[in-house]
Structure formats: C-alpha cells, structure tokens
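Some notes on the structure that comes next.
Any read-out appearing in this document is the output of simple, stated calculations on the displayed coordinates, not a laboratory observation. For clarity, every value in this text was computed on a predicted model and none was experimentally measured. As a convention, Cβ positions derive from the backbone with ideal geometry for all residues, glycine included, and neighbour counts pool all protein chains shown.
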C-alpha cells in the first residue's frame, strides 16, 4: 500500500514551517502599539487577508502537525479575538498584553512541534531536506 505523500514527515515539516512563518507575519500587525496609528482600509484588508489564509490553512496544519503540538485550538481562539486591526487597537492594555503572551506561547509550541518532527527524520532524510532547501533558496527568481 502506497503512503500518502501528504502524510510524509517531510510534507508535515513543510506545512509546519509555512504556517509558523505566516503566524509570525500575523503578529507583525499588532506587535507595535496601535494607539497612535491611523488604521487605513488597506491595512485592514492586508490584515484580513493574513487571517483568512491562517484560518483556511488551519485544518491542514492541525491534521498534519497537531499530533506534534499540544493545544492547536488556541490558534483559532487568538484569531477570533483579533478579527480586525481596529478591534486590536481598541483592546484594553491588559487584554492586549494577554493576547501577546498567548500568541508567543502558541508560536513557541509551533516551533517545538517543528523540532519534534525534525528529530524523527533520519540523517539521510534531514540531509536531503537541507539540500532541497538550499537549492530552493539559491534558485534565481523566475522572470
């Protein structure tokens, strides 16, 4: 019986890395104090786009990386609390501080899950992944 390529450890690692990078991008929107910031419709649209991608890819992340990460559902909780930049801007300082701590805890858990997956790779698999990553990073951009 053939193994589903989507369930292979290498694919799980790729999904985890991509989702973690997007989670970090999401954080950049509200990491700084927004109290003095004039939030434009363009900023809201960009923020909404990142949230939409996180929400759409959540199921895939949870299914492929969830076994390596505890409390995946915290992601949805945080996303639901930050439905717009204006909502984040109007949050009480204590609520916003708690949100930042929760975001960081989830980010750390994502990276721990990634580490757990990487430790399950054989040295040969790890070397092949690193070689593929190096080739992808060195490839010239498409014209």
Quick check on the chain: helices-only [θ] at 222 nm, where DSSP H runs of length 4 and up contribute -39,500 (n - 2.57) each and the sum goes over total residues. Nearest 500, please.
-24500 deg cm²/dmol
Tilt, helix 93-119 to longest principal axis of the chain (alpha-carbon atoms), in degrees rounded to tens, equals 0 degrees
With a Förster distance of 35 angstrom and the Cβ-Cβ distance between residue 97 and residue 7, calculated FRET efficiency to the nearest 0.05 equals 0.35
Can you sort 58, 26, 83 so the residue with the fewest Cβ neighbours within 10 Å comes first?
83, 58, 26
Taking the Cβ of each residue in 101, 15 as the centre, tally the other Cβ atoms inside 10 Å and list the residues starting with the fewest.
101, 15
Least to most buried among 20, 95 (fewest other Cβ within 10 Å first):
95, 20
Which one, (1) 1.04; (2) 0.99; (3) 1.27, gives Rg/Rh (Cα atoms, Kirkwood Rh) as derived from the coordinates shown?
(1)
Helix 41-65 versus the longest principal axis of the chain: what angle, 0 to 90°, nearest 10, using Cα atoms?
40 degrees
Roughly how tilted is helix 9-30, in degrees to the nearest 10 and between 0 and 90, from the longest Cα axis of the chain?
20 degrees
